[in-house]
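Working notes, beginning with the structure itself.
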Amino acid sequence: GVVDPTQNLSEWLADQTVAIDASIRRALDACDDEPACPLDDPQADFDELQRRVESAPIRSGDDDASGGDDKADRLGPARFERGAVFASYEPAVWPDLWAAIADGLDGDGTAMSDLASQYYDLGGYTAYAAVECIDSEHPTGPEEYRAFADNLRALSPRIGGSVANELLPCAFWPTPPTSIIGEVNGDGGPPVLVLGNRGDAATPYENSTKVASMLSDGHLVSYDGEGHTGYGRSACVDDAVLAYLVDLEVP
């Protein structure tokens, strides 16, 4: 999963928004080709559930069984969108997304909340936010950041606001950024193997092509598939990685 080192935070999240939106659309389109898919109109069903949870969160987990009113257990727009984003990381999860949407339309947000929880467990948020908020210039203050979030919403009404606001703390980060963006050419180093997955939503494929081109001795291996990162998804890719790590051989 390659990141283009020449992009600032705003550019990076804009490209990621477009890639995630496209991946979610492909995930929903795949439902049309699957007889076991529980959705009649996947794209419309997604949008309808998103509209409902934006208007009023629905029950999730043990919220209804306990008779309580713990709003933290409800499926609201943030958890709905994070669950959809998580599904973009792995095509094996696409059927879980279809089932979660169907359950949600029946009033049960448990499955979608579970997808969101898996996203939240992917890594340490505090360290991630600290790196992102420090490494490049970004919108600061409420007005600048709101305008930035609105721009991402224009790119993707479905998940643009969610992608932007995941890093909302950057707008109020107490330490100003010290930008490290710029080209990395690897002059004087060994050949570098660069992997790219054409269907990668989290680290879009174009990042891999840019980095392979900017390196003095970069060698791109492309995987025409879905999901985040390229290694472990194809014997062809894995063989190239093994040859590189063991013998420094590149294609």
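Summary of computed values
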| item | result |
| --- | --- |
| Complete set of residues in segment 100-131 that are acidic (Asp, Glu) and modelled with pLDDT of 95 or more | 103, 106, 108, 114 |
| Candidates 88, 162, 117, filtered to the one that is more than 19 Å from residue 227 (Cα to Cα) and not acidic (Asp, Glu) | 162 |
| Selection count where residues are under 30 Å from residue 25 (Cα atoms) and surrounded by 14 or more Cβ atoms within 10 Å (Cβ to Cβ), scope segment 209-237 | 18 |
| Neighbours by Cβ (under 7 Å, 6+ apart or cross-chain): first from segment 196-211, β-branched (Val, Ile, Thr); second buried (at least 24 other Cβ atoms within 10 Å of the Cβ) | 209/196 |
| Matching entry among 61, 1 (being surrounded by 14 or more Cβ atoms within 10 Å (Cβ to Cβ) and farther than 20 Å from residue 159 by Cβ) | 61 |
| Members of segment 115-145 found to be assigned to a helix (DSSP H, G or I) and surrounded by 18 or more Cβ atoms within 10 Å (Cβ to Cβ), listed by number | 115, 116, 119, 132, 133, 145 |
| Near pairs, Cβ below 8 angstrom, 6+ apart or cross-chain, from segment 169-191 (closer than 30 Å to residue 149 by Cβ and open to solvent by less than 70 Å² (accessible area, probe 1.4 Å)) to any residue that is in a helix (DSSP H, G or I) and of a type in the set (Phe, Trp, Tyr) | 170/145; 171/145 |
| Selected residue (only one of 206, 143 is of a type in the set (Asp, Glu) and over 27 Å from residue 27 (Cβ atoms)) | 143 |
| First in segment 21-49 and closer than 19 Å to residue 154 by Cα, second anywhere and surrounded by 13 or more Cβ atoms within 10 Å (Cβ to Cβ) and of a type in the set (Ser, Thr, Tyr), Cβ under 7 Å, 6 or more apart | 21/156; 23/88; 24/88 |
| Qualifying positions in segment 77-99 - open to solvent by less than 10 Å² (accessible area, probe 1.4 Å) and over 15 Å from residue 30 (Cα atoms) | 80, 83, 85 |
| Within segment 1-81, helices (runs of 4 or more DSSP H) holding 3 or more residues that are touching a Leu at 6+ places or on another chain (Cβ under 9 Å), under 24 Å from residue 144 (Cα atoms) and at pLDDT 95 or above | 9-32 |
| Matching residues, segment 146-157, being buried (at least 20 other Cβ atoms within 10 Å of the Cβ) and not in a helix (DSSP H, G or I) | 156 |
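The values are calculated or read from the model by the stated rules, or taken from the named source; none is laboratory data. Every value quoted in this text rests on a predicted model; they were computed, and no experiment measured them. Counting neighbours? That spans all protein chains shown, and the Cβs are built from the backbone with ideal geometry, glycine included. Calculation scope for accessible area: heavy atoms of the full protein, side chains included, ligands and nucleic acids excluded. Shrake-Rupley method; radii C 1.70, N 1.55, O 1.52, S 1.80 Å.
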